[in-house]
1. Would you be able to say whether some residue in the stretch 69-80 is in a helix (DSSP H, G or I) and under 11 Å from the mean Cα position of the chain (by Cα)?
2. Looking at the stretch 20-44 only, could you name the residues that are open to solvent by 10 Å² or more (accessible area, probe 1.4 Å), free of Cβ contacts under 8 Å to residues at least 40 places away in the same chain, part of a helix (DSSP H, G or I) and not aromatic (Phe, Trp, Tyr)?
3. Yes or no: Gly47 open to solvent by less than 70 Å² (accessible area, probe 1.4 Å), within 22 Å of Ala10 (Cα to Cα) and at pLDDT 95 or above?
4. So which of Val59, Val82, Val52 ends up being open to solvent by less than 70 Å² (accessible area, probe 1.4 Å), modelled with pLDDT of 95 or more and in contact with a Ser or Thr (Cβ under 7 Å, 6 or more places away or on another chain)?
Amino acid sequence: MSGSRLSSNALDERRRRILFRAWRRGAREMDLIMGRFADDNLATMSGDELDVFERLLDVPDSQALAWLVGEEPSPTEFGALVARLRRSPREILAKDR
């Protein structure tokens, strides 16, 4: 089971593929970060935002995590998305309470 709260039934093929990849990163921490972000945002993301998210999904977990926790600066290409991902865990925790 992926843990996804988003049904893929209403999503187009590209978004279904991205949702699958977001929940199956390899490292469980990254599954939770990327998967929950996808659950909350995927349906409303523009084509350009999807492009950037797909490229971020191609980045190895250790590198992406270093950007997300601020150990290393993220490339400009991912700056806005990394900022959204950093806010996302706090928003998720607030929803779960």
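The values are calculated or read from the model by the stated rules, or taken from the named source; none is laboratory data. Small disclaimer: the values here were computed from a predicted structure and weren't measured. Backbone-built Cβ (ideal geometry, glycine too); neighbour counts: all protein chains shown. Surface accessibility is based on the protein's heavy atoms, side chains included, excluding ligands, DNA and RNA. Shrake-Rupley method; radii C 1.70, N 1.55, O 1.52, S 1.80 Å.
1. Among the residues of the stretch 69-80, not one is in a helix (DSSP H, G or I) and under 11 Å from the mean Cα position of the chain (by Cα), which makes the answer no.
2. Result: Arg21, Arg28, Glu29, Asp31, Leu32, Asp39, Ala43, Thr44.
3. Yes, satisfied.
4. Selected residue: Val82, the only one of Val59, Val82, Val52 that is open to solvent by less than 70 Å² (accessible area, probe 1.4 Å), modelled with pLDDT of 95 or more and in contact with a Ser or Thr (Cβ under 7 Å, 6 or more places away or on another chain).
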